[in-house]
Structures are given as structure tokens and as C-alpha cells.
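Enquirer: Submitted below is the structure of interest, expressed as C-alpha cells.
The values are calculated or read from the model by the stated rules, or taken from the named source; none is laboratory data. The shown structure was predicted, so the numbers you read here are calculated from the model rather than taken from an experiment. Positions of Cβ are generated from backbone atoms using ideal geometry, with glycine treated the same way; all protein chains shown enter the neighbour counts.
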């Protein structure tokens, strides 16, 4: 076979198309046209070909099939041993052992699952003539078979090779081959067929067809390289054998018709595009509900349970979306035929594109010009449909903030930092000006990324500059303001300062969450507070009476978070004890207590322990101490501690000289509420074993954010707003016009 390949390569060297067709290997359209021309030539110039329908062979008995397989495996083992292929020997021996066990069970009358029977193997014997092997009983026969001559039959012997004589002609390649032992052998066999076909066409004088066959044979090289590296290759996508083009053509037409009908049915079942995210989630949940009901009706309990679990995921997502929480839409399964909710288009063809392409292949006309016009029209229509679909999904505003919002946010922050640098420089603070300038210049790479459409992590953006001088009232020279009015000015400035701090606190929280729109919203409100303060400062400096103001009720939806804590921090506060019981022989006023606690994470042996200081002579001690504990939010042991153990406390009475410490009681704080809350404040009972003692203890636990979801809160506050029109306009003196000196006559 190596000699044949070498001869084929030598024969192809004298073709004129070698220099012109260097880039033809990657031209899919040319390859398709070549295959179509081959089909037409087969139909027009091969009258001896005929299509025969194979009727499936009657299934033989299980015992006979097992006996034949055992003989085949034994023969394959012997041939593999002679060839020195130890891996095949071990594989065939395992299959032989399975077949022998099945044959023993079949002889005893037990039922054998035919799907578990090891597949037939090639014995490895070489043969001069290639014949069509009968399909096994467990495999479906091919619907079409093409014979090379009118006298050939499916089960007949192969035609003998032509006798040698001048001129030397190679035999025409056989059209059918037995199933190869491995994928690599199958690809090599198919490549050899095309090389032989190219050589035969060259001998016949058809150089154009020979060049096409040889170019198709080179298409198998990437598949062979992938198989050699251990990658998986889909053999169904390989070109068919050169002689099976007619059968492959008719079979492709039949398959395309079936696919088109199935795709049309799927398109009819797909609902119209949703108007918003809620409708999209509801449509997909209804689809899985109907699939679960259908699976139950068919008796497929496993499939029904799977669909019910998916329905539950969609129900949780709908509840979270209604509550205003962020929902990870990428984790939700997508039903067949439904587009992705995120609006991210896949790189593959769409459903409508697959349908139109299939119909175009079925209804393909002979005229190349009309076919090219149809392709151009269809591709244009697909591009328009994809653009409209992307715009419709983009209007839903799903997923992270748009790059335009991020770009505007970054540019505004850069302007704030540049203005702060300028103000600081005017105050002769060069170090502060350099700091603000470096921060502003550090935003340039992020701005360029946002301009390019890339997402930006706004957590790394420096906070807006603030100065205490912005909240200080300054009285102008020679201006007298009554004492009461000055106090009112100070009160209004203090209220506006608190409002400004509230806005900046919420802005920082949303910055840590990466929410650009909410961050910008609260920063805009903070700027309004600073403008109101500027109005008050200007009126106070000019000695004007107190400007008019009013209060508004504003409702905010904020996310409760403690940004000063990291995700691995948990702060425990032991606040105080209330009516702690005294041990026998100790009066309540002589009670000297301290509290020990134990947090069993990461495990019981390495539990985190500590204690408070001793509070003397009281049964209502106020400890007011805090302890920093280490957690791992994703650790399985931490979740187990949160749901079962919690934090254990023990109240102990401190013994005096030569006296031991005596226990007062114990308590336990459960931590399940940390799943939905970031701050837990409880008053827990102090027990003596399992008996109540009447004593209680106040403790508090704080983490950065809840473990499973965000803690959303709606707060309504009274908002102070200054009326800017209540202050009279300040007359600004006009700049004196500069008078030019008189020009002397005769000079220009």
C-alpha cells in the first residue's frame, strides 16, 4: 500500500494545477461544487450503476450469535498475538470472557440483553478481494447499497483483479470496505481509496478529476493528526467513498427531508420572543413543566424527576427576580429551540439558519448563478435577523452594566480627581495634587478597555475625593449674622452632611458589588447635597437670611453589607449578661463572671476559642467585647457548623484565692439566619444543662454579606432640599475693558 501511495504522489506531480491550487484545500465551497459535479457525472455517465434496497436479515438466535462472536474473538486474539499487539490481546480477551459468560447463561435459559453483547471484531486476516460484510443482528442495515457493475450482488464474491498486460492499468478501487478495527484505520482506508481513485483517473487521462480526488484525500490529514494526538473525531463528517457518492446523495436527501420536518415542528412549538426577563423565565418553566408531565405520562419517572428539579430552579429564579435579587441566568438550563436569556449569541448557526440551509440543499437547482444569488440573499436575511434579535435582547438590560455606563462612570470619576488635584495645587499642597493626578492617570487603561467594549471591575476605581472644608461655613468680613440664624445655618449644614455621608455609604456598597447604575445614582444624590451646602455657604458668607427649604420622603432600596470586612471575617460581639444566676453560696452582688466561647471551625480539634475579661460584683455585666473569627464561606465544614452547631458559650464565676472557677450556665447561638442576613443580634437563654435559669445574654455576629443571597432593604428617609431660587442673585462686577493706546498716523 505504501508503494501505491508513492506512485499516486508521483503521478500527481505533473499536474498543472499544483501551483494554482495551493489555497484550494481550505475552500469549502469549491469542495462542495466538486462533490456535486461528481454526483452529476455518476448519474449521467454510469448507466450500469443501480440502487438496490437491502432487506434486513432475519435475526439469528442469541446462542448462534454468541458462538460466532466467540470464534471471531479467538481468531482475533491469535492474530493479535502473532502481530505482537498486546493491548488488542487484552481487550479481546476481556470481550471473549464476557461472551463465554453470556453463552453459559443463555444455555441455562437466562435472558440476555443483546445491547450488552460485545461488538464484532475484525480477525485481522488479510484478503485480496474486499467483500461486503453482512451487518450484525444488533445493528440496523444500510438502506441503500450501490454496486459497481450490473452483475454484482450484495453477497456475491468480489470481481477478480484484471490481468496484467500492456499498457499497465491499475484496478478500479472497490466501492465497499469492511468495517475497520479502529477509527484511525478507517480514516487511513478512506484516504487510500481517494488516492487510488485519483491514480485511476490520472491513468484514464482525466487530470481534473484526479486533482479533485487528490485534494479530497489531503482533507484526511488533519483527522489523522487529531487521532494520533488522542482527540475525538466525528467520522460521520468525513467525505464518503468515491464510489458511494450516488447512494450518499440520495441518503442525504432523505435525511435532510426528515431533519427539515423535525426542525419545522420545533419552530412551531417555540413561543414568541419574550418582552422581558420575567416572561422569558416563565416560558421556559412552562416548557419544562409540560416535559415533566409528558414524561410522567410515558412512565419515565427518572426523566420526570429531572424536569421537576429544573422547574424548581426556575421557580427560585423567578422568586429572586421578583424580590429584586440578582439571578445567575447562565446556570439555568435552556430548553431545546429557546434562545439564551443572557442575549449572548452562540457562534454556531441558529435554528432558522439550519432550517433554511437544509431546505436550500434539498431544493438546490442546477444553475450556479441562481444558487449563488440564493446564498447571498439567505445570508443577508440571517444577518438582519441576528441583528434584530440582538437588539431585542439587549433592550431587556440583562446581565452586567453596559460598557457605555461604565465608560461614563470612569470619565466622571477622572474629572472629579483632576478637579481635586487642581484645588489641592492651588492650596500649595503638591503631594496631595500628585496623588490625585496619579489616581486620575491610573484610570486611563480602564477607560480604554471600556471604550473597546470590555467589562471593567469598578471595585478597583478610587473613591471620589472629599474635603472637610466643603462642609465648613465661612462668614465674610463685615457681615453680621444673628446668633439664632447662625445656629440654624449650622443645623442645616449638619443635616446635609449626614445625607452626603449616607449617599456615599450606599455608593461604596454598590461599588463593591460592581453595580455601576446604582453607584452613579447615589453619587449624583451626594453631588446634590454638596450643591445645597454650597448654596448655604454662599448665603451665609453674604449675610442673607436663611434660605427656604423643604423636606421630601425618599425611599431607597439598598443592599446591606459591611465593606470593612473581608469574605473570610466574622466578628463576634459579646455585649452583656442579664440576670445571670449565681452559684450556691454566692450572692448576685458578689458575682464575678467572664464568658468563654467555642466556634468549631475548621473542626472540633482546631476550634477557635477565647474568653472575655472578668466583670466583678454584678449579675448584669456589660462586657462589650468583640472577637474576630476566621471562616471559609465555601467550606463544607463551615456550612455544617452554621446549620447544626453554631457558637457555644459558657458563663463562669471567677474563683478567689485558693478557689476554683465555678460554672454558671451555658448557651448556644444558632447561625442559620446568616444565610440571608449579614448581621445577627440575639438575646439567648443561659441554661444549666437543659434547665432554664432565668438568665440571658446578648450577643451579635456580623459578616461581610449573607452567605446565600443579598440582603435587600427598603428605607424611607426625610430628605432636606434647599430652594436655590430663594437666594437673591449676587451681582458680579464686570471686568473693565482694556483700552488700546492710540495708534500713530502712518503706522500699522
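Enquirer: Answer yes or no as to whether residue 442 is surrounded by 13 or more Cβ atoms within 10 Å (Cβ to Cβ) and either over 14 Å from residue 546 (Cβ atoms) or in contact (Cβ under 8 Å) with a residue 60 or more places away in the chain (or both). Break it down stepwise before answering.
Expert: Working: surrounded by 13 or more Cβ atoms within 10 Å (Cβ to Cβ): yes; either over 14 Å from residue 546 (Cβ atoms) or in contact (Cβ under 8 Å) with a residue 60 or more places away in the chain (or both): yes.
Yes: the conditions hold for residue 442.
Enquirer: Can you tell me which residue is surrounded by the fewest Cβ atoms within 10 Å (Cβ to Cβ) among those in region 702-728 that are under 23 Å from residue 630 (Cβ atoms) and modelled with pLDDT of 85 or more?
Expert: 708
Enquirer: Identify all residues within region 215-228 that are closer than 9 Å to residue 191 by Cα and either surrounded by 16 or more Cβ atoms within 10 Å (Cβ to Cβ) or touching a residue at least 40 places away in the same chain (Cβ under 8 Å) (or both); write none if there are none. Give the steps one after another, and end with the answer.
Expert: In the first step, residues of region 215-228 are kept if they are closer than 9 Å to residue 191 by Cα; the result is 216-221.
Once the filter is applied, which keeps residues that are closer than 9 Å to residue 191 by Cα and either surrounded by 16 or more Cβ atoms within 10 Å (Cβ to Cβ) or touching a residue at least 40 places away in the same chain (Cβ under 8 Å) (or both), region 215-228 yields 216, 217, 218, 219, 220.
Enquirer: Mind checking which residues of region 59-115 are part of a loop (DSSP other than H, G, I, E, B) and surrounded by 11 or more Cβ atoms within 10 Å (Cβ to Cβ)? Quick ask: steps written out before the conclusion?
Expert: So the first thing to find is which residues in region 59-115 are part of a loop (DSSP other than H, G, I, E, B), and the list is 59-61, 84-85, 108-113.
Matches in region 59-115: 59, 60, 85, 112.
Enquirer: Residues of region 535-572 being under 24 Å from residue 598 (Cβ atoms) and buried (at least 17 other Cβ atoms within 10 Å of the Cβ), which ones?
Expert: 570, 571, 572
Enquirer: Additional query: For region 460-494, give me each residue that is within 24 Å of residue 563 (Cβ to Cβ) and surrounded by 11 or more Cβ atoms within 10 Å (Cβ to Cβ).
Expert: Taking region 460-494 and keeping what is within 24 Å of residue 563 (Cβ to Cβ), we get 460-468, 470-471.
Matches in region 460-494: 461, 462, 463, 464, 465, 466, 467, 470, 471.
Enquirer: Name every residue in region 683-716 that is under 39 Å from the mean Cα position of the chain (by Cα) and part of a strand (DSSP E or B), in order of residue number.
Expert: Our first condition is that a residue be under 39 Å from the mean Cα position of the chain (by Cα); within region 683-716, this holds for 700-716.
Answer for region 683-716, where residues must be under 39 Å from the mean Cα position of the chain (by Cα) and part of a strand (DSSP E or B): 700, 701, 702, 703, 712, 713, 714, 715, 716.
Enquirer: Residues that are in contact (Cβ under 8 Å) with a residue 60 or more places away in the chain: list the strands (runs of 3 or more DSSP E) wholly contained in region 544-639 that include at least 3 such residues. Full working, then the answer.
Expert: Numbers: elements: 549-559, 569-578, 593-599, 608-611, 622-630.
It comes to 549-559, 569-578, 593-599.
Enquirer: Of the residues 656, 637, only one is over 20 Å from residue 699 (Cβ atoms) and surrounded by 13 or more Cβ atoms within 10 Å (Cβ to Cβ); which? Explain how you work it out, then say what you get.
Expert: Details: 656 fails: surrounded by 13 or more Cβ atoms within 10 Å (Cβ to Cβ).
That would be 637, the only listed residue that is over 20 Å from residue 699 (Cβ atoms) and surrounded by 13 or more Cβ atoms within 10 Å (Cβ to Cβ).
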